[in-house]
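Engineer: Okay, here's the structure, questions in a sec.
The values are calculated or read from the model by the stated rules, or taken from the named source; none is laboratory data. This is a predicted model, so every value here is computed, not measured. Positions of Cβ are generated from backbone atoms using ideal geometry, with glycine treated the same way; all protein chains shown enter the neighbour counts. Areas reflect the complete protein model, heavy atoms only, side chains present, ligands, DNA and RNA absent. Shrake-Rupley method; radii C 1.70, N 1.55, O 1.52, S 1.80 Å.
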Amino acid sequence: MKVDLDAIKDLLLGVEKPSRYTGGEFGVPEMQEGAFDFCMCFPDLYEVGMSNLGIKIVAESIRRRGFCADFCFAPYKDFGQGLKERGVPLYSLALKKPLKEFNMLGFSLQFELCYTNVLYMLDLAGIPLLRSEREGGNFPLVAVGGPCAVNPEPLADFVDVVFIGDGESVDADVAEIYVKHGGATEEFYKEISALDGVYCPALTRPVYEDGRIKKFEGVAKVKKALVKNLDGAVFPERFAVPNCESVHDRAVIEVMRGCYRGCRFCQAGFIYRPVRRRGVETLTAQACSLIRNTGYDEVSLNSLSTGDYPQLRELLKSLKQSLPDGVKLALPSLRVDSFDGDFAQDSRRVSLTFAPEAGSQRLRDVINKDVTLEEILRAAESAFDVGYSAVKLYFMLGLPTETDEDLEEINRICAYIKGAYRKKPRAKQLRISVSCSTFIPKPFTPFQWEAQATEEEIERKQNVLKQTLRVKGVNLSWSDNFTARLEAVLARGDRRLCNVIKLAYENGCIFDGWDKELNRDGWIKAFTDTGTDMREYTRERDEDEILAWDFIDVGVTRKFLLSERKKAYCGSVTGSCLSGCKGCGLQPDCEAAKGGEK
């Protein structure tokens, strides 16, 4: 079956941005249905998903095995409602094939507040939400992956397969095993469960005692998938160019994966370990291919900390020599202490973004953010000298051990930056934006055991900031308190939250990651009606407590995370992996630990 767009022409003409739903993007590879049809689903708007590099890599890996890989994005409410009213199932972009006719749907989980959107897309596709309701029926496998999949339990009742870690090859391995067994047979599940990076929730069951997890029955440990050589890893030679402007409308190459720094609040810094880099020759070839095949005039050099790429100068030189004239380079992830004015000259001079995270040196030491005020000012001056006149500063509220004195130091940083700008005559007025998000304890970090500050505590801290931030020309903003609380609950949630998520969806909660769409009342009703106390998930955890994600092995040991937590309370800085191996548990797979990186 194929959905006929002519039959829903009136709907397309009546919704916001119909180009989200028509397909036909420039650069889309030709595809045909075959032995295994996969649809890469992104539970957010087209403009967001089309900017995501990971889903393009996964789709490419499926295609290179000779299978079909199409895309689908969460339709906005107007189009979703229109599909329901007309009885038209949600379909893929290129083939216009209903999602329920694919062999597997793979959802990329980038953000916890997209969980209800997964249910939204399944519902629009006419697919039962619960795995138990799909058993014995002719439905596709529902799979999830991405950073949030490291704690898959809040979605365990909805999904068949969870991909944990690097998805370049394991997704395609599962596709081949599916074809070999002629479908999702018992033998299929048994074989894929033996693969690194594959978790089948039906084969594991948490056992509770007095409201806490006592043990897990079934599969005892799931080790993440790890691609050790990025130079040899799958990477697309072309991207489909979106029909409408996307969030990041440019070509993207991944310079390296992982981060050397080990900031204690940062989940990505731990789950993507060890650091793996692509070579200059590889990156140059990838950038040239994408520019040639897409027509973009900008290349983004992505990683968690691009400034830490040891051959950055060599890479920039190679790209300038190889790319056509006029192609710009974007360096979105420069840390304060790796910032260089020469690098800034190669990037777009719109506004400079630094993330000190904490106002005082004491608190930066607690979170292992080993940057000093002097480094912040040096980086700012370098940026000002090459033409920047706007600075964005990111901080967090509610960090472990945080005091009002730590918050007051944010004013001092702003004052010093303003003073640095005034050292020389400048053509423009300096603009400083201070953004404060609420600290969220995440799995597989040294702070995974911490309590989250209550909404009342965060509101008090916000008032302290308003009273103390007196530098003229500074714009102050912060994240929504309930959103941060909900994200913390979902991030550290267990399987009992499946009922809450399902009821929240039924209460109309979708697109809650967008401020204007947050349905606070719908979520509160879901927690109330299921008898679930959010405080159970935002409380401090005992260090010997069994956590919902403890059966997942991302390579970083519990012992290391606990030692980092202890160092945090001592105000001790561990520093970068490049200053010496810290013994996190990934030494056998880490080039830095072997002394192979300088």
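Engineer: Given the condition under 25 Å from residue 499 (Cα atoms) and touching a strand residue (DSSP E or B) at 6+ places or on another chain (Cβ under 6 Å), answer yes or no: does some residue in the range 178-192 qualify?
Structural biologist: no
Engineer: From the list 382, 437, pick out the single residue that is under 30 Å from residue 561 (Cα atoms), of a type in the set (Gly, Ala, Ser) and touching a helix residue (DSSP H, G or I) at 6+ places or on another chain (Cβ under 8 Å). It would help to see each step written out before you state the result.
Structural biologist: Working: 382 fails: under 30 Å from residue 561 (Cα atoms).
Just one listed residue meets the conditions, 437.
Engineer: Yes or no: the range 482-495 includes at least one residue that is over 20 Å from the mean Cα position of the chain (by Cα) and either modelled with pLDDT under 95 or over 28 Å from residue 568 (Cα atoms) (or both).
Structural biologist: Yes; the residues of the range 482-495 include at least one that is over 20 Å from the mean Cα position of the chain (by Cα) and either modelled with pLDDT under 95 or over 28 Å from residue 568 (Cα atoms) (or both).
Engineer: Could you check the range 135-211 for strands (runs of 3 or more DSSP E) lying wholly inside it with 1 or more residues that are touching a Lys or Arg at 6+ places or on another chain (Cβ under 9 Å) and surrounded by fewer than 19 Cβ atoms within 10 Å (Cβ to Cβ)?
Structural biologist: 204-209
Engineer: Search the range 76-96 for residues that are on the phi < 0 side of the Ramachandran plot and pair each with any residue that is open to solvent by less than 10 Å² (accessible area, probe 1.4 Å) and among the charged types (D, E, K, R) when their beta-carbon atoms are under 7 Å apart and the residues are at least 6 apart or on different chains.
Structural biologist: Within 7 Å, the pairs are 91/97; 92/70; 93/70; 94/70; 95/70.
Engineer: So, in the range 95-112, of the ones that are crowded, with 20+ Cβ neighbours inside 10 Å and of a type in the set (A, V, I, L, M, F, W, C), which residue ends up farthest from the chain's Cα centre (by Cα)?
Structural biologist: Step by step, filter the range 95-112, then rank; the result is 95.
Engineer: Among the residues of the range 103-114, is any part of a loop (DSSP other than H, G, I, E, B), touching a residue at least 12 places away in the same chain (Cβ under 8 Å), touching a Ser or Thr at 6+ places or on another chain (Cβ under 8 Å) and closer than 21 Å to residue 234 by Cα?
Structural biologist: Filtering the range 103-114 down to residues part of a loop (DSSP other than H, G, I, E, B) leaves 103, 109-111.
Now restrict to residues that are touching a residue at least 12 places away in the same chain (Cβ under 8 Å): 103, 109-111.
Of the ones still in play, those that are also touching a Ser or Thr at 6+ places or on another chain (Cβ under 8 Å) are none.
No, that holds for no residue.
Engineer: For the range 413-422, what are the residues that are open to solvent by 20 Å² or more (accessible area, probe 1.4 Å), in contact (Cβ under 8 Å) with a residue 24 or more places away in the chain and either closer than 30 Å to residue 563 by Cα or not hydroxyl-bearing (Ser, Thr, Tyr) (or both)?
Structural biologist: Within the range 413-422, 415, 418 meet the criteria.
Engineer: May I pose another question? Could you please find all residues in the range 215-246 being under 22 Å from residue 586 (Cα atoms) and free of Cβ contacts under 8 Å to residues at least 24 places away in the same chain?
Structural biologist: Passing the criteria: only 232.
Engineer: Further question: Starting from residues that are of a type in the set (Val, Ile, Thr) and modelled with pLDDT under 95, keep the ones in the range 373-412 and report whichever is farthest from residue 482 (Cα to Cα).
Structural biologist: Applying the filter and picking the extreme gives 386.
Engineer: Right, something else. Out of the range 389-403, which residues are open to solvent by 10 Å² or more (accessible area, probe 1.4 Å) and farther than 30 Å from residue 449 by Cβ?
Structural biologist: Correct list: 389, 392.
Engineer: Next question. Run down 549, 523 and say which single residue is under 23 Å from residue 147 (Cβ atoms), over 21 Å from the mean Cα position of the chain (by Cα) and of a type outside the set (D, E, K, R).
Structural biologist: The conditions single out 523.
Engineer: Could you list, in sequence order, the residues of the range 360-375 that are crowded, with 22+ Cβ neighbours inside 10 Å and under 15 Å from residue 394 (Cα atoms)?
Structural biologist: 363, 364, 367, 369
Engineer: Give me the pairs: first residue in the range 366-394 and farther than 23 Å from residue 261 by Cβ and in a helix (DSSP H, G or I), second residue among the hydroxyl-bearing types (Ser, Thr, Tyr) and open to solvent by 30 Å² or more (accessible area, probe 1.4 Å), beta-carbon distance under 9 Å, and six or more apart or on different chains, which are they?
Structural biologist: Final answer for the pair search is none.
Engineer: Of all residues in the range 245-274, which are assigned to a loop (DSSP other than H, G, I, E, B), open to solvent by 20 Å² or more (accessible area, probe 1.4 Å) and either touching a Pro at 6+ places or on another chain (Cβ under 9 Å) or over 30 Å from residue 550 (Cβ atoms) (or both)?
Structural biologist: 245, 247, 248, 249, 250, 265, 267, 272
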